[in-house]
Amino acid sequence: MTEPLQARFEQEIAAAQDLAALDAVRVAALGKSGEVTQLLKSLGGMDAETRTAEAPKIHALREAVTSAIAAKKEALETAELDRRLATEHLDLSLPAEERAAGSIHPVSQVMDELTEIFADLGFAVAEGPEIEDDWHNFTALNIPETHPARAMHDTFYIEGSNGQQVLRTHTSPVQIRTMQSTPPPIRIIAPGRVYRSDSDATHTPMFHQIEGLVIDRGITLGHLKWTLETFLKAFFERDDVVLRMRPSYFPFTEPSAEVDVGWSMEKGRRVVGGSEGWMEVLGSGMVHPRVIAACGLDPDEWQGFAFGTGVDRLAMLKYGMDDLRAFFDGDLRWMKHYGFRFLDVPTLSGGVGA
């Protein structure tokens, strides 16, 4: 049963003149409804003795057809490459194209804007390694090994580290390192790249995040809300930014709050400002006493708040971009449309907008 079928398919594969014809043979043989596929499906309905006899023949048929298709595909691709090399040429006498002018990436622009805003509020910039150990990335942030919150982070683990080294999933480890090395009071922002295994129109495996941390005596939730209101109004350059804090859960803050801002429709586009609806922009909360204690500080003496948001998402909201993946495609046309001139240096006195 299999020998004539194999001979026919091998003949059709050999006769294929291009990749399209070859793919048609592949579908006819190995596709969802292909003849070889149907034979494989028929094994389940055979009795044990018949299956023992027929299964090796059918599997051998599949392997033979698959190998023949792969060999033919390689031969066709090689022939096409040889044809292109023989016929295509580059005319070096043609004038060179005008070199594209450089521009500032929107992420870099927004990073500068955020740094200017928080510098005016008395925050310093802190940085840390992008390859982190498990203790700084999780345990010190009140996320022990068995904590279900670890499932919230699609983590990249470093091969050969026995799960002890990761690509950081947030810039919160910078907060831990700062609290360990710098005596309070502390006011820092921690911008940088972070990594999670996720990819769609609003998520990428690598993205940019900025977190803020304040540690001092007598810090309250009111200080957090005032800081966030001031920051959002300065960044979006609107006085009508309305802020709403909703109870939430983060293992490293208690209490925790998601922060929403009001939006309105302007020229058919949803923009921050007004009160037609709400959109989430960041997470925040009071630093958990366990996190403060893990860094060697007395939580009865020192309190603090922390917040974090995606820099790429802020850029999308402010400058009207609708797909996060385009930020990392390296398309010069996109950069020419959304990029910023080198002299567009943001300052609070001169304005932070484009």
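Summary table below
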read-out	value
Filter result for the condition that a residue is among the small types (Gly, Ala, Ser) and touching a residue at least 60 places away in the same chain (Cβ under 8 Å), over 124, 75	124
Residue under evaluation residue 66, criteria (1) at pLDDT 85 or above; (2) in a loop (DSSP other than H, G, I, E, B); (3) out of contact with any helix residue (DSSP H, G or I) (no Cβ under 6 Å at 6 or more places or on another chain), criterion not met	(2)
Given (1) modelled with pLDDT of 90 or more; (2) in a helix (DSSP H, G or I); (3) open to solvent by less than 70 Å² (accessible area, probe 1.4 Å), index of the condition residue 223 fails	(3)
Residue list for the range 267-300, filter: on the phi < 0 side of the Ramachandran plot and open to solvent by 70 Å² or more (accessible area, probe 1.4 Å)	269, 270, 275, 276, 278, 280, 290, 298, 300
Filtered residues of the range 200-220 (kept if open to solvent by 40 Å² or more (accessible area, probe 1.4 Å), hydroxyl-bearing (Ser, Thr, Tyr) and modelled with pLDDT under 90)	202
Selection status of residue 239, surrounded by fewer than 16 Cβ atoms within 10 Å (Cβ to Cβ), under 18 Å from residue 121 (Cα atoms) and of a type in the set (D, E, K, R)	yes
Matching residues in the range 106-135 - criterion: being more than 28 Å from residue 225 (Cβ to Cβ), at pLDDT 90 or above and assigned to a helix (DSSP H, G or I)	135
Helices (runs of 4 or more DSSP H) enclosed by the range 263-346 - at least 3 residues per element that are closer than 30 Å to residue 220 by Cβ	289-294, 311-319
Filtered residues of the range 9-66 (kept if under 25 Å from residue 79 (Cβ atoms), surrounded by fewer than 17 Cβ atoms within 10 Å (Cβ to Cβ) and touching a Lys or Arg at 6+ places or on another chain (Cβ under 8 Å))	14, 19
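The values are calculated or read from the model by the stated rules, or taken from the named source; none is laboratory data. Quick caveat: nothing in here was measured; it's all calculated off a predicted structure. So basically every Cβ, Gly included, is an ideal-geometry build from the backbone, and we count neighbours across all protein chains shown. Keep in mind that these areas ignore ligands, DNA and RNA; they rest on the heavy atoms of the full protein, side chains included. Shrake-Rupley method; radii C 1.70, N 1.55, O 1.52, S 1.80 Å.
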